[in-house]
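The values are calculated or read from the model by the stated rules, or taken from the named source; none is laboratory data. Keep in mind the model is a prediction, meaning the values are calculated, not measured. All Cβ positions, even for glycine, are placed from backbone atoms using ideal geometry, and neighbour counts span all protein chains on display.
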Amino acid sequence: ERTPTGCPVSQRAAGFDPFEDGYQQDPPEYVRWAREQEPIFYSPRLGYWVLTRYADIKAVFRDNITFSPSNALEKITPTGEEANAVLASYGFALNRTLVNEDEPAHMPRRRALMDPFTPEALKHHEPMVRELARTYVDRFIDDGKADLVDQMLWEIPLTVALHFLGVPEEDMDTLRKYSIAHTVNTWGRPKPEEQVAVAHAVGNFWQYAGKVLEKMRQDPDAPGWMQYGIRKQMLHPEVVTDSYLHSMMMAGIVAAHETTANATANAMKLLLQHPDVWRELCEDPGLIPNAVEECLRHNGSVAAWRRLVTKDTQIDGVDLPAGSRLLIVTSSANHDEGHFADADLFDIRRDNASDHLTFGYGSHQCMGKNLARMEMQIFLEEFTRRLPHMRLSEQRFSYVPNTSFRGPEHLWVEWDPAANPERANK
Ligand code: HEM
């Protein structure tokens with residue numbers, strides 16, 4: 001096999017398959033060979049060039065003109081005619097939001113929509129997150145075991161996302177139900193027989209998101225990031241477009257929900273796999289903020305991101321013609337010895353942990369990163385305080401096969417309820 005530029009493809013590059021369990025279980029380990037020997041390679045199976053080193057990936061993020069983010073939300077597995085017809089029948093037109101918008105449109109829009117993410121603005125959401133975390137833990141604290149994903153970590157970030165966006169309470173359940181299909185539709189590899197069902201779910205999600213947006217327009221002074229966008233549109237209709245608002249109404253839920261749910265599940269798994277570290281954290285909760293960064297570095301919830309080459313260029317001496325598609329494996333960059341000393345070591349005191357690329361980097365870097373950090377810190381504060389004696393149950397972890405969004409579907413933990421600190425304190 002050959003690359004589009006006519007070079008031979010190495011055997012390992014030909015075998016690279018991000019939908020395989022090896023990648024799902026541990027992406028940086030799965031591409032260790034590349035990071036060490038062939039830092040950029042062409043995957044004939046995917047039709048993408050794959051980047052695995054920190055410096056290369058950071059340089060790509062830094063130059064969003066040569067490396068356009070326009071393919072970030074493109075379907076990685078093109079769907080068949082039948083599924084496309086289903087999507088069209090719903091008027092599905094998910095388009096540019098922020099994450100996949102090129103300059104010069106992107107920056108003015110990002111700036112116009114930034115204020116709701118300032119630390120002062122985010123403080124308003126903190127009591128809600130804390131209250132939700134306490135209520136959910138109350139429900140299972142006497143059970144001695146829980147699936148933290150099903151019983152807490154999946155639902156709370158979704159509720160927080162819906163509140164942050166400003167979705168009316170009565171529409172939350174419907175949007176909750178539809179949102180998961182979008183991940184499979186964009187980053188997964190649904191089988192042909194699944195594609196049609198996924199298309200119906202995505203089509204419904206799209207239409208419902210449109211209806212919710214119309215409702216928000218009736219009350220543009222209500223709190224919420226979408227209402228903020230609606231108000232900005234009145235001032236700058238060319239910056240905050242209708243297409244942006246409808247697309248973000250749908251994509252924003254996924255951006256804020258699954259990333260954070262998965263990041264917390266990954267973090268708890270990693271911490272409980274290192275009982276000494278977990279004990280240290282319980283004894284000194286002051287370590288939590290840096291532990292969150294180290295968890296995002298070591299086992300983040302976005303494993304890889306995408307860019308499109310807009311003009312002929314080179315990376316590591318490899319020619320990349322305009323039109324080349326890049327899969328940038330940020331989770332591999334986060335384990336690059338060239339940037340992180342003893343990179344595979346899980347060290348919650350690591351002083352450059354926050355250099356990780358899990359939130360991307362540069363002009364498109366995640367706008368919601370401080371909301372995500374706040375949620376993760378609160379979850380860890382509640383767990384270390386109320387369930388310091390929990391441990392990981394025997395289990396095999398499963399992941400939804402896709403290139404980018406990564407977290408265990410279930411996370412079983414157990415503890416002795418008779419030893420709950422709150423019981424002892426009474
Ligand atoms: C962009 C990851 C949580 C909103 C991004 C990007 C990544 C990412 C990789 C693309 C960065 C780039 O191209 O350089 C994550 C992770 C999260 C998380 C790992 C949780 C742990 C959130 C939350 C929100 C959010 C809670 C809240 C609404 C956004 C937005 C963008 C973005 C609006 C687009 C920024 C732009 O293109 O200018 N995120 N995200 N994210 N994220 Fe997040």
Starting from residues that are among the small types (Gly, Ala, Ser) and in a helix (DSSP H, G or I), keep the ones in segment 218-252 and report whichever is farthest from the ligand (Cβ to nearest atom). Ser243
Options Ala55, Ala59; residue that is buried (at least 16 other Cβ atoms within 10 Å of the Cβ), closer than 23 Å to Thr330 by Cα and away from the ligand (no atom under 11 Å from the Cβ): Ala59
Condition (residue is modelled with pLDDT of 90 or more, of a type in the set (Asp, Glu) and either surrounded by fewer than 19 Cβ atoms within 10 Å (Cβ to Cβ) or closer than 21 Å to Ala72 by Cα (or both)) applied to segment 201-215: is it met by at least one residue? yes
Can you pull out every residue in segment 279-302 that is under 22 Å from Ala255 (Cβ atoms) and either more than 16 Å from the ligand (Cβ to nearest atom) or over 24 Å from the mean Cα position of the chain (by Cα) (or both)? none
Does segment 398-410 include one or more residues that are in a loop (DSSP other than H, G, I, E, B), within 16 Å of the ligand (Cβ to nearest atom) and under 27 Å from Glu131 (Cβ atoms)? yes
Unmet criterion (only one of (1) away from the ligand (no atom under 13 Å from the Cβ); (2) modelled with pLDDT under 95) for Arg130: (2)
Could you say which residue among Asp276, Asp319 is away from the ligand (no atom under 14 Å from the Cβ), of a type outside the set (Val, Ile, Thr) and not in a helix (DSSP H, G or I)? Asp319
Working only within segment 1-55, note down all residues that are among the small types (Gly, Ala, Ser) and outside any helix (DSSP H, G or I). Gly6, Ser10, Ser43, Gly47
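Residues checked against (1) crowded, with 21+ Cβ neighbours inside 10 Å; (2) within 28 Å of Trp49 (Cα to Cα); (3) modelled with pLDDT of 95 or more:
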{"residue": "Thr260", "(1), (2), (3)": "yes, yes, yes"}
{"residue": "Met268", "(1), (2), (3)": "yes, no, yes"}
{"residue": "Glu283", "(1), (2), (3)": "no, no, yes"}
{"residue": "Ala303", "(1), (2), (3)": "yes, yes, yes"}
{"residue": "Ser324", "(1), (2), (3)": "yes, yes, yes"}
{"residue": "His335", "(1), (2), (3)": "yes, yes, yes"}
Subset of segment 361-386 (residues that are under 26 Å from His163 (Cβ atoms) and touching a Phe, Trp or Tyr at 6+ places or on another chain (Cβ under 6 Å)): Gln365, Cys366, Met367, Lys369
So, in segment 85-110, of the ones that are surrounded by 14 or more Cβ atoms within 10 Å (Cβ to Cβ), more than 16 Å from the ligand (Cβ to nearest atom) and not aliphatic (A, V, I, L, M), which residue ends up farthest from Leu308 (Cα to Cα)? Tyr90
Residues of segment 194-223 satisfying the condition of being small (Gly, Ala, Ser) and touching a His at 6+ places or on another chain (Cβ under 8 Å): Ala209, Gly210
Residue tally, condition within 17 Å of Ser301 (Cα to Cα), away from the ligand (no atom under 16 Å from the Cβ) and crowded, with 16+ Cβ neighbours inside 10 Å, over segment 337-359: 1
Against the definition (hydroxyl-bearing (Ser, Thr, Tyr), closer than 26 Å to Phe397 by Cα, surrounded by fewer than 19 Cβ atoms within 10 Å (Cβ to Cβ) and free of Cβ contacts under 8 Å to residues at least 60 places away in the same chain), how does Thr159 come out, yes or no? yes
Only one of these is part of a helix (DSSP H, G or I), in contact with a helix residue (DSSP H, G or I) (Cβ under 7 Å, 6 or more places away or on another chain) and within 11 Å of the ligand (Cβ to nearest atom): Glu375, Glu382. Name it. Glu375
Within segment 382-426, the residues that are among the charged types (D, E, K, R) and surrounded by 17 or more Cβ atoms within 10 Å (Cβ to Cβ) are Glu382, Arg386, Arg406
